[in-house]
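Engineer: Before we start, here is the structure in question, set down as structure tokens.
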Amino acid sequence: MQVNGEFRPLIVAFCCNWCSYAGADLAGTNRLNYPADVKIIRVPCSCRVNPMFVLRAFQRGADGVILCGCHPGDCHYTSGNYFTRRRMTLLFSMLDFMGIERERTRVEWVSAAEGAKFAKTMNEFCEAVAKLGENKRLEDLRCKK
Amino acid sequence: MHRIGVFVCHCGTNIAATVDVKAVAEAVREETGVVFSADYQYMCSEAGQTLVQDTIREQRLTGVVVCSCSPRMHEATFRKAAAKAGLNSYMVEIANIREQCSWIHKDMVSGTEKAIILARAAIAKVMLNTPLTPGKTPVTKRALVIGGGIAGIQTALDIAEAGFDVDIVEKQPTIGGKMTQIDKTFPTLDCASCILTPKMVDCAQNEKIHIYSYSEVESVTGFVGNFTAKIKRKARFVDEKKCTGCGECVEKCPMKKVPNEFNLGLDNRKAIYIPFAQAVPKVATIDANYCLMKKNGKCGLCSKVCGAGAINYDQQDEIIEEKYGAIVAATGYNPIKIDKFDEFAYSQSPDVITSLELERLMNAAGPSNGTLVRPSYLSKQDDHEAHPKTIVFVQCVGSRSTECRKGSKEYCSKICCMYTAKHAMLIREKYPDTDVYVFYIDVRTPGKLFDEFYRRAVEQYGVHYIKGMVGKVSPRADGKLDVQGSDLISNEQLHVTADLVVLATAIEPDKTARSIGTMLTASMDTNDFFTEAHPKLRPVESPTAGVFLSGVCQGPKDIPETVTQASACAAKVVGLLVKDELTGNPCVAHSDELMCNGCSACEKVCPYGAITYSDKEFRQPDRTVAIRRVASVNPAVCQGCGACTVACPSGAMDLNGFSNSQIMAEVDAVCR
Ligand code: FES
């Protein structure tokens, strides 16, 4: 998306309810800044994120997708984030093969106490995706109104 | 037809300062399905909630979106408000435009724009919401404690104290566990039996507590609040109700050569036995492997002398079934087997012993009546060689080991440093002419009065602590032991001629822990310790609802820590049992039977064992009936993580409240 002649990426962030969503809340409570490009979608656990959701986001024109979950071993449901890690490793390498650069996808562990880490991660991620420019590979023009 | 109402909160200036709330309310009115939108100063206030409720009634809303602070703050508030106005509480969604929007962004334009997008996503989601009702299940007000050691005893006593029935299942003939074998406890040096046996008696006398000794849990089915357990009462060939524990039978039994497991095989017991004087229940047990009557049908002496007529050679194992609301795992530990550690010559010399064996040797009720003798001289205690003059303690045998030798453990067994200091101190106190060496890697003594205790051993009692490991113990022809070790501080090789070598063996979860864990679908770590629901915040619960953890089965612990955890565990159990019924979380997974192909993918990823399979009949298009294996989710057990929904290859699994279509709709709305 172009805003005032400057490219602004569209970032979809899936955050697990127990750690990362709370971490994002904490970033807000501490009034930390990160770009408004990031739109957070709440899921119960990072393992709820179906690879389909990630593909759908890219299809609909997202420029980057990031998944945030509890640190390994801290998942509220004990093992969910291990599934996430494996599933996304596979998915991301497939996406890479299809031409969606590695920098556009990311899994990050953010605890409920790591508001600062959440903001930092989002800033870095936005910057990296902004550098790459628009996602043209997977965007499905039929979805554009 | 959807009739959605959107309520945008100013939150004073918290939101209104960076988000043009009026513009948001304006913009969402254009969305399909939205019939009403408004903004208000404080939506969570009494007046704000009334606004929501009135609108629900007046506008006959089918869904509500509140654009406000984080759902972690006020989702519950608005759900309750909606329910009061007659709308199902799960038809409410929150768009987080404070923590994740207005507080983050400085500039009004981008803030407002983002708030509109977040509101749209919530609207898209709420259109796909379905009314949900939390299920209710009744709670059986009875607890099962598996394991009758100090952990199980304390948990049972505390639960009984709160007025609930508790059953203790113990596989040994008596409760008491490892603590009964221990002589003194650190750091107070009081006698273990003196503090434990009164608790055992309390258990026996408490009307609320039922002890199934010499019994094992065979199977567990059900879920939180509603478990059914099958308990096998092993035949002890003695009628528990009739036996008075007089010990006449034990006296007369001719079969004397049975290794006494209570004294770790250091002496012998009879084929009919009572493990120790204070056993609870104090009932004799016949060891069928040695009993002459059981083996070749000749003898029957015990039955002749038993005045109570309690002996019954034909007794059979008995299975009983009982219902429970909560189950506590208190399965405890064992020292590891160290026959694989050849360098310490444990199998070659009787004078190389484990610390637990030393406990028995120092105990007044032990094989040597409390005199410290070398095990090789147990039968000739008067010999002047019997008393060991030089004793070497070896720390960390099998603990903290990075080599993958069979039986060795990566973790620290936690209790060894302290009990070795205790042993060394007690020996120096009673036999000041004895030289005591302790080889250690590190001395770890965190705990109240622990370090003081260890320093006393070194400073006051002159125990020689040597930082380094023992490389080899070689038995000599004259019965002494050559100990070769290294002193890492002076960087020297050391040779000590010892009379007794004591190995501080690692401890490991009891062998039965794994099978019990599987039975309870409680998760365990690679060392077979039970995993807690949360390592910091829920340390006494298993992730499996209704299963609680007490004592060493969760990780190495000393007695005070075990008792603390046992009581904490009881508090959690009581918290569950006081409830008459449990309200479930309706946001759980469910499977579409028509789509399910019974592949088991979901079952494998479920951390709670909530998914089961059954054969069901389905009508085929050609009117024949086919039987297919399909998955079903137990909503009382499912915690709603959604792992199964992603694992399911056919898309049969979905999660209430976070369904595939709901999340997809959110993605679409965000990317529009
Ligand atoms: S709950 Fe946070 S990753 Fe599972």
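Engineer: If a residue must be in contact with a Gly (Cβ under 8 Å, 6 or more places away or on another chain) and either within 12 Å of B:Pro535 (Cβ to Cβ) or more than 8 Å from the ligand (Cβ to nearest atom) (or both), how many such residues does segment A:71-82 contain?
Structural biologist: 1
Engineer: Within segment B:641-658, restricting attention to residues that are more than 10 Å from chain A (Cβ to nearest Cβ) and open to solvent by less than 20 Å² (accessible area, probe 1.4 Å), which residue is farthest from B:Val92 (Cα to Cα)?
Structural biologist: For segment B:641-658, the residue satisfying everything is B:Ala652.
Engineer: Failed condition for A:Arg137, given (1) outside any loop (DSSP other than H, G, I, E, B); (2) in contact (Cβ under 8 Å) with a residue 12 or more places away in the chain; (3) over 27 Å from B:Ala601 (Cα atoms), with all others met?
Structural biologist: (1)
Engineer: Among the numbered conditions (1) among the hydrophobic types (A, V, I, L, M, F, W, C); (2) away from the ligand (no atom under 16 Å from the Cβ); (3) surrounded by 21 or more Cβ atoms within 10 Å (Cβ to Cβ), tell me where A:Met98 comes up short.
Structural biologist: Of (1) among the hydrophobic types (A, V, I, L, M, F, W, C); (2) away from the ligand (no atom under 16 Å from the Cβ); (3) surrounded by 21 or more Cβ atoms within 10 Å (Cβ to Cβ), only one is false for A:Met98: (3).
Engineer: Which of the numbered conditions does B:Leu118 fail, given that it passes all the others? Conditions: (1) touching a helix residue (DSSP H, G or I) at 6+ places or on another chain (Cβ under 6 Å); (2) part of a helix (DSSP H, G or I); (3) within 28 Å of A:Cys19 (Cβ to Cβ).
Structural biologist: Of everything listed in (1) touching a helix residue (DSSP H, G or I) at 6+ places or on another chain (Cβ under 6 Å); (2) part of a helix (DSSP H, G or I); (3) within 28 Å of A:Cys19 (Cβ to Cβ), B:Leu118 misses just condition (1).
Engineer: Only residues that are more than 10 Å from chain B (Cβ to nearest Cβ) and either open to solvent by less than 10 Å² (accessible area, probe 1.4 Å) or within 18 Å of B:Ser523 (Cβ to Cβ) (or both): list them for segment A:84-95, please.
Structural biologist: Listed by number, the residues that qualify are A:Arg85, A:Arg86, A:Met88, A:Leu95.
Engineer: Would you call B:Lys406 farther than 21 Å from B:Ile182 by Cβ and either open to solvent by 70 Å² or more (accessible area, probe 1.4 Å) or free of Cβ contacts under 8 Å to residues at least 12 places away in the same chain (or both)?
Structural biologist: Considered against the rule, which asks whether it is farther than 21 Å from B:Ile182 by Cβ and either open to solvent by 70 Å² or more (accessible area, probe 1.4 Å) or free of Cβ contacts under 8 Å to residues at least 12 places away in the same chain (or both), B:Lys406 comes out as yes.
Engineer: Kindly list the number of the only condition in (1) touching a residue at least 60 places away in the same chain (Cβ under 8 Å); (2) assigned to a loop (DSSP other than H, G, I, E, B) that fails for B:Ala665.
Structural biologist: Going through (1) touching a residue at least 60 places away in the same chain (Cβ under 8 Å); (2) assigned to a loop (DSSP other than H, G, I, E, B) one by one, B:Ala665 breaks only (2).
Engineer: Moving to a separate point now. Among the strands (runs of 3 or more DSSP E) confined wholly to segment B:191-286, which include 3 or more residues that are out of contact with any strand residue (DSSP E or B) (no Cβ under 9 Å at 6 or more places or on another chain)?
Structural biologist: none
Engineer: For segment B:46-82, which residues satisfy the criterion of being outside any helix (DSSP H, G or I) and either open to solvent by less than 30 Å² (accessible area, probe 1.4 Å) or within 13 Å of B:Val8 (Cα to Cα) (or both)?
Structural biologist: The answer is B:Leu61, B:Gly63, B:Val64, B:Val65, B:Val66, B:Cys67, B:Ser68, B:Cys69, B:Ser70.
Engineer: Of all residues in segment B:142-180, how many are in contact with a strand residue (DSSP E or B) (Cβ under 6 Å, 6 or more places away or on another chain) and of a type in the set (Ser, Thr, Tyr)?
Structural biologist: 1
Engineer: Given the conditions (1) modelled with pLDDT of 95 or more; (2) surrounded by fewer than 21 Cβ atoms within 10 Å (Cβ to Cβ), report the number of the one that A:Ser111 does not fulfil.
Structural biologist: (1)
Engineer: Okay, moving on. Find all pairs meeting these conditions: Cβ atoms under 7 angstrom apart; at least six residues apart or on different chains; first residue within segment A:4-19 and part of a loop (DSSP other than H, G, I, E, B); second residue open to solvent by 60 Å² or more (accessible area, probe 1.4 Å) and away from the ligand (no atom under 16 Å from the Cβ).
Structural biologist: Correct list of pairs: A:Arg8/A:Met1; A:Leu10/A:Met1.
Listed here are the residues, each with its yes/no results for (1) farther than 17 Å from B:Thr645 by Cα; (2) in contact with a strand residue (DSSP E or B) (Cβ under 6 Å, 6 or more places away or on another chain); (3) more than 8 Å from chain B (Cβ to nearest Cβ).
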site: A:Thr29; (1), (2), (3): yes, no, no
site: A:Pro44; (1), (2), (3): no, no, no
site: A:Ala57; (1), (2), (3): yes, yes, no
site: A:Gly61; (1), (2), (3): yes, no, no
site: A:Ile66; (1), (2), (3): yes, yes, yes
site: A:Pro72; (1), (2), (3): yes, no, yes
site: A:Tyr82; (1), (2), (3): no, no, yes
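Engineer: Here is a list: B:Ala610, B:Ala571, B:Ala566. Which entry is of a type in the set (A, V, I, L, M), assigned by TED's automatic domain parsing to the domain that holds B:Phe186, open to solvent by less than 20 Å² (accessible area, probe 1.4 Å) and within 30 Å of B:Thr155 (Cβ to Cβ)?
Structural biologist: B:Ala566
Engineer: A follow-up question, please. Would you confirm, using the coordinates I've provided, whether A:Phe97 is free of Cβ contacts under 8 Å to residues at least 24 places away in the same chain and out of contact with any Gly (no Cβ under 7 Å at 6 or more places or on another chain)?
Structural biologist: It is true that A:Phe97 is free of Cβ contacts under 8 Å to residues at least 24 places away in the same chain and out of contact with any Gly (no Cβ under 7 Å at 6 or more places or on another chain).
Engineer: Tell me which residues, restricted to segment B:453-471, are among the small types (Gly, Ala, Ser) and under 35 Å from the mean Cα position of the chain (by Cα).
Structural biologist: B:Ala457, B:Gly468
Engineer: Every residue in segment B:377-387 that is within 41 Å of the chain's Cα centre (by Cα) and surrounded by 17 or more Cβ atoms within 10 Å (Cβ to Cβ), please.
Structural biologist: Selection gives nothing.
Engineer: I would also like to ask the following. In segment B:388-494, which strands (runs of 3 or more DSSP E) lie fully inside it and hold 3 or more residues that are among the aromatic types (Phe, Trp, Tyr) and at pLDDT 95 or above?
Structural biologist: B:435-440
Engineer: Still on this model: Are any residues in segment A:114-145 of a type in the set (Asp, Glu), more than 11 Å from chain B (Cβ to nearest Cβ) and open to solvent by less than 60 Å² (accessible area, probe 1.4 Å), and if so, which ones?
Structural biologist: Across segment A:114-145, the qualifying residue is only A:Glu114.
Engineer: Counting only residues that are within 29 Å of B:Ile338 (Cβ to Cβ) and in contact with a Cys (Cβ under 6 Å, 6 or more places away or on another chain), which one in segment B:258-295 is least open to solvent (accessible area, probe 1.4 Å)?
Structural biologist: B:Ala271
Engineer: State all residues of segment B:530-554 that are surrounded by fewer than 21 Cβ atoms within 10 Å (Cβ to Cβ) and at pLDDT 90 or above; if no residue qualifies, say none.
Structural biologist: The one that is surrounded by fewer than 21 Cβ atoms within 10 Å (Cβ to Cβ) and at pLDDT 90 or above: B:Pro539.
Engineer: So B:Arg623 clears everything in (1) open to solvent by less than 30 Å² (accessible area, probe 1.4 Å); (2) away from the ligand (no atom under 16 Å from the Cβ); (3) not in a strand (DSSP E or B) except one condition, right? Which one?
Structural biologist: Going through (1) open to solvent by less than 30 Å² (accessible area, probe 1.4 Å); (2) away from the ligand (no atom under 16 Å from the Cβ); (3) not in a strand (DSSP E or B) one by one, B:Arg623 breaks only (1).
The values are calculated or read from the model by the stated rules, or taken from the named source; none is laboratory data. Values in this document were obtained by computation on a predicted structure and should not be read as measured data. Virtual Cβ from ideal backbone geometry, glycine too; neighbours counted across all protein chains shown. Accessible surface areas use protein heavy atoms only, side chains included; no ligands, DNA or RNA. Shrake-Rupley method; radii C 1.70, N 1.55, O 1.52, S 1.80 Å.
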